[in-house]
Amino acid sequence: MAKRLFVLAALLTLGLAPSAYAQKVEVSGIFGWTLSDGVTGQATLAGDGNLYDTIDVKDSASWGFSVGVNATEQFEVGFLYGQQMSTLAIEGTQVRDIGDLKINTYHPYITYNAGDSSMTVRPYFMIGLGATNYGSVAFTTAQGNARETASETQFSTTWGAGVKMFPSPNVGIRFGAQWTPTYIKTDAAGYWCDPYWGCYVVGDAQYSNQFQFNGGIVFRF
């Protein structure tokens, strides 16, 4: 999945960069703090005697980078990678940390940079389509047995806004916020009946959300 996304980002970058201005590349290093949530499910009795109905992802530090090409004076296309260094937890009649969890995000993106390239301050808005990978988690059961969860990759989008400031033509700083909802599962929410189509099951989609507040440094070539 990640390899296909890298290829897609490269094709977008090459395909939308025909002009001389389009050869201007922006590379950003990004650091921040991410607020995360998990999903709920049917309550399960665990080996420690507690009922658990929520799998949660804890808030933590995060980092990433982006590589983009300015296809026009305002539009930038590229690839955004992020990693959150979190903890997987379960909640119910008790809260229990399971183990360290790395969440990796891969998103080809399009950004609209307001104004023109000569401006010192440029607000931006971005959207990306890609995937989120939840890494494997090593843990010990209530009986003392070593276990490890499987890695899982799911479709996700990312939406962001912020501001870039360039005190010099080639080096700047950026501050922004980013929301990444990741599809996890769909639960049956009941039945909907229609006189023409009949009755069918209605689904309730659940997403795990990441809300990141970030800053970083930008290099322009």
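Any read-out appearing in this document is the output of simple, stated calculations on the displayed coordinates, not a laboratory observation. All of these numbers come straight from a predicted model, not from anything done at the bench. Here the Cβ positions follow ideal geometry from the backbone for every residue, glycine too, while neighbour counts run over all protein chains shown.
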| remark: Spelling it out for Ala71: with amide H atoms placed in the peptide plane at 1.01 Å from N, the residues 5 or more places away or on another chain with amide H under 5 Å from its amide H are Glu76, Val77
| note | Phi angles of segment 84-90, converted by Karplus (6.51 cos²θ - 1.76 cosθ + 1.60, θ = phi - 60°) into ³J(HN,Hα) in whole Hz with x for Gly and Pro, give 10, 9, 10, 9, 8, 9, 10
| For segment 35-194, what is the charge dipole size about the Cα centre, in debye to the nearest 20, if Lys and Arg each add +1 at the Cβ and Asp and Glu each add -1 at the Cβ? | 460
| So if R0 is 35 Å, what FRET efficiency would Val121 and Trp33 give, r being the distance between their Cβ atoms, rounded to the nearest 0.05? | 0.90
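Compute the length gained on full extension between Phe175 and Thr72: take 0.36 nm times their separation in residues and subtract their Cα-Cα distance, giving the result in nm to one decimal.
That works out to 34.9 nm of additional length.
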| Karplus (6.51, -1.76, 1.60) ³J(HN,Hα), θ = phi - 60°, over segment 96-113, in Hz, Gly and Pro reported as x | 9, 6, 8, x, 5, 9, 9, 10, 10, 10, 10, 9, x, 9, 10, 10, 9, 9
